[in-house]
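Asker: Quick one: this structure, given as structure tokens, is what I'll be asking you about.
Values quoted throughout were computed directly from the atomic coordinates according to the rules given, and no laboratory measurement underlies them. Computed from a predicted model, the values in this text were never measured in an experiment.
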Amino acid sequence: MSKHEINVFEIYEYLPQNNCKNCGESNCMAFAQKLVEQRKTIGGCAPLREPIYAKNRQALAKIFELNNQK
Ligand code: SF4
């Protein structure tokens, strides 16, 4: 099975996009890039744990889970 190609813009779409820097990055796009490079995990974005972003978090979890399938 081929690896799911993760696109940084696709990931960014699911992030809160408020550039709060809570994750240690200067903005959500930088965090998205780190996720794609597997240098961060979605747990690093605290706002994603808020109920309002539950669907976004689930979608991201699914994307990265798919990518980890062999
Ligand atoms: S913690 Fe989440 S919302 Fe805040 S800058 Fe990082 S990715 Fe964006």
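Asker: Run the numbers for ASN18 and GLN38: contour at 0.36 nm per residue of separation, minus the present Cα-Cα distance, in nm.
Answerer: Once the chain is fully extended between ASN18 and GLN38, it gains 5.1 nm.
Asker: Now a separate question. ³J(HN,Hα) across region 34-41 via Karplus (A = 6.51, B = -1.76, C = 1.60, θ = phi - 60°), whole Hz, x for Gly/Pro?
Answerer: So the Karplus estimates, Gly and Pro as x, are 5, 4, 4, 7, 6, 9, 9, 10 Hz.
Asker: Find the eigenvalues of the gyration tensor of the Cα atoms of the chain, then list the square roots of 5 times those eigenvalues as equivalent ellipsoid semi-axes, largest first, in whole angstrom.
Answerer: 20, 13, 10
Asker: Which value in deg cm²/dmol, rounded to the nearest 500, describes the helix-derived mean residue ellipticity at 222 nm for the chain, given -39,500 (n - 2.57) per DSSP H run of n ≥ 4 and division by the residue count? Spell out each step's value before the answer.
Answerer: Details: 3 runs with 31 residues, N = 70.
Counting only the DSSP helices, I get -13000 deg cm²/dmol.
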